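Comments concern the structure below.
Rule-based calculations on the coordinates, nothing more; no lab input. The model shown is predicted, which means the values in this text are computed figures rather than measured ones. In this analysis, Cβ positions are derived from the backbone assuming ideal geometry, glycine residues included, and neighbour counts consider all displayed protein chains.
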There are 2 protein chains.
Amino acid sequence: MEIKGKNYIGYSLSSQGDRTFQSYVPAKDSFLPEHFHTATIDEVEQTMLLAKQAFGKYAQVSAAKRADFLIAISEEIMAIGDVLLERANLETGLPIARLQGERARTINQLTQFAELLREGSWMDASIDTALPDRTPVPKPDIRKMLVPIGPVIVFGSSNFPFAYSVAGVDTGPALAAGNPVIVKAHAAHPGVSDLTAQAIVKAAQRTGMPDGVFSMLYDDGFEVGTALVKHPASKAVGFTGSMKGGMALFKMAQEREEPIAVFAEMGSVNPIVVLPEYLEHNALELGKTLAGSVSLGAGQFCTNPGLVFVTKTQGLIAFTDSYKNEILKTTSATMLTAGICKNYYKLCDHAFEQEDVNKLAVSEQMSEGQNQAQASIATVSGESFIANPKLHEEVFGPFSLLVICEDTNEMLEAISHLKGQLTCSLMAEESEVNAHAEIVNQLAQISGRFILNGVPTGVEVCPSMHHGGPFPATADAKFTSVGRHSILRFVRPQSFQGWPDELLPDELKNSNPLGIFRLVNNQFSKDAIK
Amino acid sequence: MEIKGKNYIGYSLSSQGDRTFQSYVPAKDSFLPEHFHTATIDEVEQTMLLAKQAFGKYAQVSAAKRADFLIAISEEIMAIGDVLLERANLETGLPIARLQGERARTINQLTQFAELLREGSWMDASIDTALPDRTPVPKPDIRKMLVPIGPVIVFGSSNFPFAYSVAGVDTGPALAAGNPVIVKAHAAHPGVSDLTAQAIVKAAQRTGMPDGVFSMLYDDGFEVGTALVKHPASKAVGFTGSMKGGMALFKMAQEREEPIAVFAEMGSVNPIVVLPEYLEHNALELGKTLAGSVSLGAGQFCTNPGLVFVTKTQGLIAFTDSYKNEILKTTSATMLTAGICKNYYKLCDHAFEQEDVNKLAVSEQMSEGQNQAQASIATVSGESFIANPKLHEEVFGPFSLLVICEDTNEMLEAISHLKGQLTCSLMAEESEVNAHAEIVNQLAQISGRFILNGVPTGVEVCPSMHHGGPFPATADAKFTSVGRHSILRFVRPQSFQGWPDELLPDELKNSNPLGIFRLVNNQFSKDAIK
């Protein structure tokens, strides 16, 4: 499969503009030969017009056929073969093994949505049958289900070229729900995006989907993304990235004549709070576990633990020594882009310059290649942390700050300054959980996922995974970007009142032809209605 | 029960400010004797501090006890007796019979939420059990359920002094979900609000709820509402009212350091689209039905049908004559406030002044009393309607515009100019539905509730009712303010990873002690986990 470098406006290739850019290879600080054409505003217009037309048709395509489309996408992605992994490795600096795992996760995500569509109960069908003889007024027949919303704009992330990108956590559920998708390809991995877009287009054509069900445009600046979000035909935005980028899109979307939702996953420091007894009993092991979590994937996970809270207690020195030694032993890794790498060291230096912050360890092993991130950890007192909001912010990369509190009272005060988080981890003996109810409640209130005795890295793709959290972790704490419920971002409920059975969607017909769970007169059931 | 005229800050009465206002009686154009104290910014601060503290405690109160609280509220409201209805009649001008029905609906809403809490499955509990031996990495135990979000600000509506006010569609589900509620009492019915607040406070005390679970503040201006929405402790806003008011709160909430959701129900014209054969077969009856719906409750329903689309077809003259005669026969009714009444006539005159708009009928019977609204209907051609966006906006009151299109093609173009709506009604013979797929699809895309052969007035309180719609009908088409799913506005999902059974909430324990439906390893079940 060959990289085209042109915009995918539905089934057509388009390169009306003159501006192009190339793939950057972070490990080599060099560029790859292909040129990618930045879309013009005119191309954005054509894309959205096509998407709007496609919506009318795609919303009528049955769930079973949409499931076939998703499976076809996963097949076409696998059919690209190793070329895809190799290109991703060049463009992102991520190791092949990690990329293999991420591709498998992406396929798994698509497959799970196909299964969800085939089972069908996710549509939350609800039926209240008529009571024509009720007084003082008859009760009408009312039925409700989830319906698609319209064209969805997807901004892929830099750190997951597959799972959170062109065919990732936004595209999968948006297509599953019956919405056309328009991807703004991430400029940090345009070649991977190009190959993936071709796979989706092939799959759409092979399964007979309407032209415009999927489009992808290039831009290494902000113009195309802005035009897509502001376009009246756009009905929702999916975004994974920086706080700055997410909030810019959020504001733009709120200022539209018709405001639309931006499901943005932004900043999270994923605090780890270690209670005294646990620290005492697990000092050595904990140092090792944390060092592994902090340095994983060059710290470029949204669930990277950026803050660790401990108290001055038995075991603190043993833990600190272990943590320090384990970080020293870690090896540097290539970061995703030159900009991210530069910013990482800038933010590390910024942290080290703050009052009372002491560097504890920096990884000593350097890998070959450019744009290498060394894991870095530092310490600060609870008091200084509380006084300095700059220390509460995320440092994107393998950095973590160890906050040493006088006692659990100071610890409670310190964590009460934290904003919303994707995850909070509590490291505690079972007996300590009940004894520290206020700390537990505080962490519960600010976290989307509340972990006991585990690190936040590693996001399981399963129905019970909530990957989202109170602001600013995500723009809307109600929604997850991982798992079956992520489809709820791209649907809305609709009631049908007084429609005869034969004109209702299958989900709401008396005979329940799809055999799905429904709420019938306020009782869950798979039964048909007589 | 006596009206206090003071702010309810939790269980305490407070009147720190000097500014007061009185109840206006629209039918008599006079004022009632009691003075209501506008809250000060300091009182707002005290209220929110108390609400924040109460949240920590109330979130721990079991669902069964919250259900008792809701039932106690309904009992205390009924215990006020006829005084409540009489006061509402004075303050709103709405007839006693209508208010009796609305009170019953309010009790019904509270009871339905108590039942929802007792049954428990609404929490969307989901469990994925661990796979410790999975390779390459073990699968952790992850469980998920809905949890409360924190203090909710409620702005009651002017047109429903019970069902959409102090103990209405926002307060009920917000309290049911485990959130403290702070009501900004509507200045158009402060006495009703005062009595209802006392009922809620009594119920909270009687059932042992924490102080601060409910507060209510007065203001006949915007200062208190603004301060409440901007307060960092506020986590969501419920609002029913005008487009202008809703959008002002929406913008305010989006510009906060931490943006919060405003569930605003705003403007809707609830179009009725009549296809040719249906018009021909039902000309006389339709005129009567529409006249009833347009004039119901002085047209002061959010589901009032403001636009009716017909084509130049057999039956048009018979229909128009019938509609005109039925409107002429209607009787005027008292509007809620002098401002609303004045604005109604201003907007009617504004409509009549538009090019090609012709007055068809104005109700000829006048009731006694001040602030009387006469039902008014007018006609306009499809062409002029399409060309003039001013005619697409809501006129709050018993006004409706009949849009006479050349044919169904022009009708399709006309309705393609409509924005999002709470409801759309299609009046059609069954055979016409399939023959006009584009009209059907267009109405489906813009409506929250899609009605066949029925008028939009009359909102059934049942699980399948979606009372919400694409912008600007509501600020977020994903959520309803009526029915069990309205609780979803005031919760967020939270995952628990790696917690031992005894530390999990009852909803997520292996034994399923609450006997609720759960998604266990992706299968719906009420079974315990072995």
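One table, with the values for the structure above:
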{"item": "Karplus-derived 3J(HN,Hα), 6.51/-1.76/1.60, for each residue of region A:71-78, Hz, glycine and proline x", "result": "5, 4, 4, 5, 5, 5, 5, 5"}
{"item": "All-pairs Cα distance distribution in region B:1-141, expressed in whole percent, bin size 10 Å", "result": "9, 21, 29, 22, 8, 5, 4, 1"}
{"item": "Exercise: per-residue mean of other protein chain Cβ atoms within 10 Å, B:395-406", "result": "0"}
{"item": "Inter-label distance, nm, simple model (7 Å from Cα along the C-beta direction), A:Asp321/A:Gln523", "result": "6.8 nm"}
{"item": "Using alpha carbons only: equivalent-ellipsoid semi-axes of region A:205-273, gyration tensor based, whole Å", "result": "26, 17, 13"}
{"item": "Tail beyond 60 Å, pair distance distribution of the protein assembly as shown (Cα, percent)", "result": "11 percent"}
{"item": "Normalised contact order of region B:272-452, rounded percent, pairs of Cα under 8 Å and 6 or more residues apart", "result": "27 percent"}
{"item": "Pseudo-label separations to other copies for A:Ala64 - Cα-to-Cβ vector, 7 Å, nm", "result": "4.6"}
{"item": "Check: region B:272-452 dipole with +1 on Lys, Arg Cβ and -1 on Asp, Glu Cβ, in debye", "result": "760 debye"}
{"item": "Copies compared at B:Leu13 - label distances in nm, ascending, label defined 7 Å from Cα in the Cβ direction", "result": "8.0"}
{"item": "Signed unit charges on C-beta, dipole axis of the protein assembly as shown, positive-most listed residue A:Gly225, B:Asn521, A:Gln198", "result": "B:Asn521"}
{"item": "Ellipsoid equivalent to region A:228-345 - semi-axes via the Cα gyration tensor, in Å", "result": "40, 17, 9"}
{"item": "Chain lengthening between A:Thr331 and A:Asp82 when straightened (0.36 nm per residue, less Cα-Cα)", "result": "87.0 nm"}
{"item": "Percent breakdown of C-alpha pair distances by 10 Å bin, ordered from the shortest bin, for region A:272-452", "result": "10, 39, 38, 12, 1"}
{"item": "Ordering of B:449-457, A:45-53 by packing [mean C-beta count within 10 Å, highest first]", "result": "B:449-457, A:45-53"}
{"item": "Student exercise, region A:167-235 dipole from Lys, Arg, Asp, Glu Cβ charges, in Debye to nearest 20", "result": "240 debye"}
{"item": "Rg over Rh, two decimals, region A:293-336 (C-alpha only, Kirkwood Rh)", "result": "1.04"}
{"item": "Chymotrypsin sites (Phe, Trp or Tyr not before Pro) lying in DSSP loop within region A:143-238, provided at most 10 other Cβ fall within 10 Å", "result": "none"}
{"item": "Shortest-first nm distances, A:Leu32 label point to equivalent points in other copies (7 Å, Cα→Cβ)", "result": "7.3"}
{"item": "Value at 222 nm in deg cm²/dmol, rounded to 500, when DSSP H runs of n ≥ 4 in chain B each add -39,500 (n - 2.57)", "result": "-11500 deg cm²/dmol"}
{"item": "DSSP bridge orientation in the protein assembly as shown - percent antiparallel, rounded to nearest 5", "result": "40 percent"}
{"item": "Acute angle (nearest 10 degrees) that the helix A:190-206 long axis makes with the longest principal axis of chain A, alpha-carbon atoms", "result": "20 degrees"}
{"item": "Region B:376-429: proportion of alpha-carbon pairs further apart than 14 angstrom, %", "result": "58 percent"}
{"item": "Exposure proxy order (Cβ contacts within 10 Å, fewest to most) of A:Asp29, B:Asp68, B:Asp133, A:Asp194", "result": "B:Asp133, A:Asp29, B:Asp68, A:Asp194"}
{"item": "Proxy reagent accessibility, fewest Cβ within 10 Å first, across B:Tyr345, A:Tyr344, B:Tyr8", "result": "B:Tyr345, A:Tyr344, B:Tyr8"}
{"item": "Peptide A:447-456, shielding by other chains (average Cβ, 10 Å cutoff)", "result": "5"}
{"item": "Local electrostatic count at B:Leu391 - Lys and Arg +1, Asp and Glu -1, tallied over other residues with Cβ under 10 Å", "result": "-2"}
{"item": "Residue among A:Ile149, B:Ser14, B:Ala428 farthest towards the positive dipole end of the protein assembly as shown, charges placed on Cβ", "result": "B:Ala428"}
{"item": "Dipole of the protein assembly as shown, positive end: most advanced residue of B:Ala79, A:Phe55, A:Val166 [Cβ charges, Cα centre]", "result": "B:Ala79"}
{"item": "Phi to ³J(HN,Hα) by Karplus 6.51 cos²θ - 1.76 cosθ + 1.60 over region A:207-222, Hz, x for Gly, Pro", "result": "9, x, 7, x, 4, x, 5, 9, 9, 9, 10, 9, 5, 9, x, 10"}
{"item": "Alpha-carbon Rg/Rh ratio, for region A:14-81, with Rh computed the Kirkwood way", "result": "1.13"}
{"item": "Considering only chain B, percent of DSSP beta bridges that pair antiparallel, nearest 5", "result": "40 percent"}
{"item": "Amide H contacts of A:Ser332 (H built 1.01 Å from N, under 5 Å, at least 5 apart or other chain)", "result": "A:Gln365, A:Met366, A:Ser367"}
{"item": "Sequence-separation-based contact order of chain B, relative, with Cα cut under 8 Å and 6+ spacing, percent", "result": "17 percent"}
{"item": "Residue order, fewest to most surrounding Cβ atoms within 10 angstrom, among B:Asp220, B:Asp42", "result": "B:Asp42, B:Asp220"}
{"item": "Residue closest to axis [chain A; rotation mapping onto B; Cβ; Å]", "result": "A:Gln254, 2"}
{"item": "Calculated P(r) of chain A - Cα pairs past 40 Å, %", "result": "29 percent"}
{"item": "Region B:404-411 - phi-based ³J(HN,Hα) in whole Hz, Karplus 6.51/-1.76/1.60, Gly and Pro as x", "result": "9, 8, 4, 7, 6, 5, 5, 4"}
{"item": "Degrees, to the nearest 10: B:96-119 long Cα axis against longest axis of chain B", "result": "30 degrees"}
{"item": "Cut-off under 5 Å, modelled amide H: who pairs with B:Val154 long-range", "result": "B:Ile182, B:Val183, B:Lys184, B:Gly238"}
{"item": "Approximate shape of region A:164-219 as ellipsoid semi-axes (Cα gyration tensor, √5λ), whole Å, largest first", "result": "18, 12, 9"}
{"item": "Cα-projected label distance for A:Glu45 with A:Glu368, points at 7 Å along beta-carbon direction, nm", "result": "5.2 nm"}
{"item": "Assigned charges on the beta-carbon of Lys, Arg, Asp, Glu; the protein assembly as shown dipole about Cα centre (debye)", "result": "800 debye"}
{"item": "Residue-averaged beta-carbon neighbours from other chains (10 angstrom radius) around B:486-493", "result": "4"}
{"item": "Length added when fully stretched, B:Asp407-B:Lys359, from 0.36 nm per residue minus Cα-Cα", "result": "15.1 nm"}
{"item": "Folded to 0 to 90 degrees: helix A:437-446 orientation relative to chain A principal axis, Cα", "result": "50 degrees"}
{"item": "Local electrostatic count, A:Lys230, Cβ distance below 13 Å [Lys/Arg +1, Asp/Glu -1]", "result": "-1"}
{"item": "Beta bridges per DSSP with both ends in region B:272-452, % antiparallel, nearest 5", "result": "20 percent"}
